[in-house]
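*Asks:* Shown below is the structure under consideration.
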Amino acid sequence: MDAIGRISARRLALVLGSWRRGGSRQGAADLAAAIELAVLDGQLPIGTRLPSERELADAVGASRTLVAAALDRLREGGLVASRRGAGSWITSPGGRPLDAAPPAGPQAIDLARAASPAIPGLMAAVDRARLLLVDELGGHGYTGRGLLVLRERLARRYTARGLPTSPEQIMITNGAHHAFVLALRMLTHPGDRVLVEQPTYPNALEAIRAAHTAPVPVALGEHGWDLAGVEAAVRQTAPRLAYFVVDFHNPTGRQLDDAGRERLGAVLARTQTFAVVDETFVELDLEGDPLDGPHPLGAFAGNWVITVGTASKSHWGGLRIGWIRASEDLLTRLSSARFGSDLGSPVFEQLVLAELLDAPGDALAHRRANLHDLRDVLAGEVRRELPDWRFDLPRGGSSLWCRLPEPMSTRLAVAAVNHGVQVVPGSRFSAQGGLERWLRLPFAQPAEQLREAVGRLALAAASVRSAPADDLPVA
């Protein structure tokens, strides 16, 4: 793009990739869906000025009539605005934010998010917290590192998992991602390197780039973590920070065992490399009790590990409460640095989560059992409808990481929109692009929706794989 936010026709063609479905007579719909996906994927920010119809038609190898029809569809949907003499540009339909997939309508199934509805017992916790809120109303409402009662209960949980922790080593945040961004901003400077797994959580990559730091990927392959590769990357690139998800990794679902954690922790301590360990999925052990699982990585690397967690996957994303577990000295520095971005987390939501953590374990056990069943439903449907897709059944987390029979993840995501399914292409999980043979399929939706979604994906995959090479757009 140039200084005024215009994207060239050639660049837009590269962004859209292989948008045309083989044999389809719905070329305008296909092109419109590809542009919409690029907007939702963050590749075409709001305000981006589009090339002329003629330029775009030449770049994608389509007729000007087809391009005009596609833009008409996008204008009708509110995603593109036009004015005579000013051209066309990306806009926001009805003011809807475009930082994620659109809300799923009656005919759409959202497989872009790996998030479940609220856990059973949430409203009962809300009712209990409402009574406790009375004691807080006489104060100013700014809780500093967070309410003591919540920090105490989180500290007990870490201690029970094998990492002795005091309330002074906990700071409450507005989610795990917020916690990671705080640590990233405090510990890195523009131009620094941040070691990440490949693949990894897309929003972590966005935060790393937004901080003007550079992600350094180390492959997490079909056999798990390449610890020798991690050690070599730390030695050769001297990253300022590392980011790991060692419990039911997003998106692969893998879990690093204690032996691997001990080796990784030794590397971090020996090289004095800080690492943020994201435990977003740690409570979603679908085969056992998290208390019986591997020790937290912090038990093997001491103060070089900053552990972040959240209630978003275990309880409900709407709570927006997370936390940092670190040394008291580091938390003091983080608390001071935090004032530049926010002044603390909401009191009422902290009280609700404290009540949920103090409740009997039946609700979390129900969550795990439900996800276990949904995982098996999704796995069975994929094996039946898409037998040439491959995946390892994860023992935890909330998604399957599927290897596709050919590099088609982005094309499939575009085609799936036309079949009423929203998926995130594998490239979103990559620090350097690629991963076109991979697709994440969350199993957080009801069983019937999962069955319907896989059926629709099978149709989309068939249309993508039937596309002849000479039907692809010219870049």
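The numbers here are math on the coordinates, done by the rules we state, and not lab data. This one's a predicted model, so the numbers in the text were calculated from it and none came from an experiment. Counting neighbours? That spans all protein chains shown, and the Cβs are built from the backbone with ideal geometry, glycine included.
*Asks:* Going by average Cβ density within 10 Å per residue, which order do the peptides 444-451, 149-156 take, highest to lowest?
*Replies:* 149-156, 444-451
*Asks:* Once Rh for the chain is found with the Kirkwood sum over Cα pairs, what is the Stokes-Einstein diffusion coefficient at 25 °C and 0.890 mPa s, in µm²/s? Show your work: numbers first, answer last.
*Replies:* Details: Rh = 23.8 Å.
The diffusion coefficient I find is 103 µm²/s.
*Asks:* Using a simple spin-label model with points 7 Å from Cα along the Cα→Cβ vector, what separation in nm is obtained for residue 160 and residue 329?
*Replies:* The answer from the label model is 3.1 nm.
*Asks:* With labels modelled as points extended 7 Å from the Cα through the Cβ direction, what inter-label distance (nm, one decimal) is found for residue 448 paired with residue 46?
*Replies:* Placing both labels 7 Å beyond Cα along the Cβ direction yields 3.5 nm.
*Asks:* Indicate the gyration tensor shape class of the stretch 266-414 (rounded, prolate or oblate), computed on the Cα atoms with a ≥ b ≥ c the square roots of the eigenvalues: a/c under 1.5 is rounded; otherwise a/b larger than b/c is prolate and the rest oblate.
*Replies:* Here the stretch 266-414 falls in the prolate category.
*Asks:* Considering only 425, 446, 457, whose Cα is most displaced toward the positive end of the charge dipole of the stretch 365-475, charges sitting on Cβ of Lys, Arg (+1) and Asp, Glu (-1)?
*Replies:* 446
*Asks:* Between residue 54 and residue 365, what FRET efficiency comes out of the Förster formula 1/(1 + (r/R0)^6) with R0 = 41 Å and r the beta carbon distance, rounded to 0.05?
*Replies:* Computed FRET efficiency for residue 365 and residue 54: 0.10.
*Asks:* For residue 46, which sequence-distant residues (separation of 5 or more, or a different chain) have an amide H within less than 5 Å of its own amide H, given hydrogens modelled in the peptide plane?
*Replies:* none
*Asks:* Set the Förster radius R0 to 45 Å, insert the Cβ-Cβ distance between residue 388 and residue 270 as r into 1/(1 + (r/R0)^6), and round the FRET efficiency to 0.05.
*Replies:* After rounding, the FRET efficiency stands at 0.55.
*Asks:* Could you order the peptides 76-88, 409-421, 316-328 from most to least packed, using the average number of other C-beta atoms within 10 Å per residue?
*Replies:* 409-421, 316-328, 76-88
*Asks:* Then there's this: If you average 1/r over every pair of different alpha-carbon atoms in the stretch 122-358 and take one over that average, what Kirkwood value in Å do you get?
*Replies:* 18.1 Å
*Asks:* Let me ask you something else. 222 nm [θ] for the chain, helices only, -39500 (n - 2.57) per DSSP H run of 4+, per residue, to 500?
*Replies:* -12500 deg cm²/dmol
*Asks:* Please name whichever of 120, 194, 386 sits farthest to the positive end of the charge dipole of the chain, dipole taken about the Cα centre and charges placed at Cβ: Lys and Arg +1, Asp and Glu -1.
*Replies:* Selected residue: 194.
*Asks:* Another question, if that's okay. If you average 1/r across every pair of different Cα atoms in the stretch 9-95 and take the reciprocal, what Kirkwood value do you get, in Å?
*Replies:* The Cα-based Kirkwood calculation yields 12.8 Å.
*Asks:* OK, next. Find how much the distance from residue 462 to residue 26 grows on full extension, using 0.36 nm per residue of separation minus their present alpha carbon separation; answer in nm with one decimal.
*Replies:* 155.4 nm
*Asks:* Another question, if that's okay. Return 339, 248 ranked ascending by Cβ neighbour count within 10 Å, so the fewest neighbours appear first. Spell out each step's value before the answer.
*Replies:* Numbers: 339 9, 248 26.
By the 10 Å Cβ count, ascending: 339, 248.
*Asks:* Give me the one-decimal nm value for the distance between modelled label points at residue 63 and residue 82, 7 Å along each residue's Cα-to-Cβ direction.
*Replies:* 1.7 nm
*Asks:* Another question about this same structure. With a cut-off of at most 16 other beta carbons within 10 Å, and DSSP calling the residue loop, which GluC sites (Glu not before Pro) in the stretch 163-231 qualify? Please list them.
*Replies:* Answer in residue order: 222.
*Asks:* Restricting to bridges with both residues inside the stretch 122-358, how much of the DSSP beta-bridge set is antiparallel, in percent to the nearest 5?
*Replies:* 35 percent
*Asks:* Test of understanding: what is the full-extension gain from residue 376 to residue 292, defined as 0.36 nm times their sequence separation minus their Cα-Cα distance?
*Replies:* So the extension gain works out to 28.0 nm.
*Asks:* Convex hull over the alpha-carbon atoms of the stretch 120-203: what's its volume per residue in Å³?
*Replies:* Per-residue hull volume (Cα only) is 179 Å³.
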